[in-house]
Amino acid sequence: MQFTDTSKYANKWHWDFGDGTYSTKQNPLHIYKKAGNYKVKLTSTSKYGTDSKISMIKVCTGG
């Protein structure tokens, strides 16, 4: 699954994919091993501070 950061001024990213794995890339590609519901959290940091966004996603097939 492709994830995309839409923040304007961020220069650091921390993606929590909700399955125990993480990424610090701006626009990571992540493969879920199992189907299910996941809470994805992006924390982005810029010179203006830190902001977080949480999204619930449903993965229908894993692998």
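Nothing in this text is a laboratory measurement; each read-out follows from the coordinates by a stated rule. Predicted model only: the values in this text are computed from it and were never measured. Glycine gets a Cβ as well: all are built from the backbone with ideal geometry, and neighbour counts include every protein chain shown.
Out of all the residues in the range 53-62, is one or more free of Cβ contacts under 8 Å to residues at least 24 places away in the same chain and of a type in the set (Gly, Ala, Ser)? The answer is yes; a qualifying residue exists. In the range 17-38, is there at least one residue being touching a Ser or Thr at 6+ places or on another chain (Cβ under 6 Å), of a type in the set (Val, Ile, Thr) and in contact (Cβ under 8 Å) with a residue 24 or more places away in the chain? The answer is no, given that none of the residues of the range 17-38 is touching a Ser or Thr at 6+ places or on another chain (Cβ under 6 Å), of a type in the set (Val, Ile, Thr) and in contact (Cβ under 8 Å) with a residue 24 or more places away in the chain.
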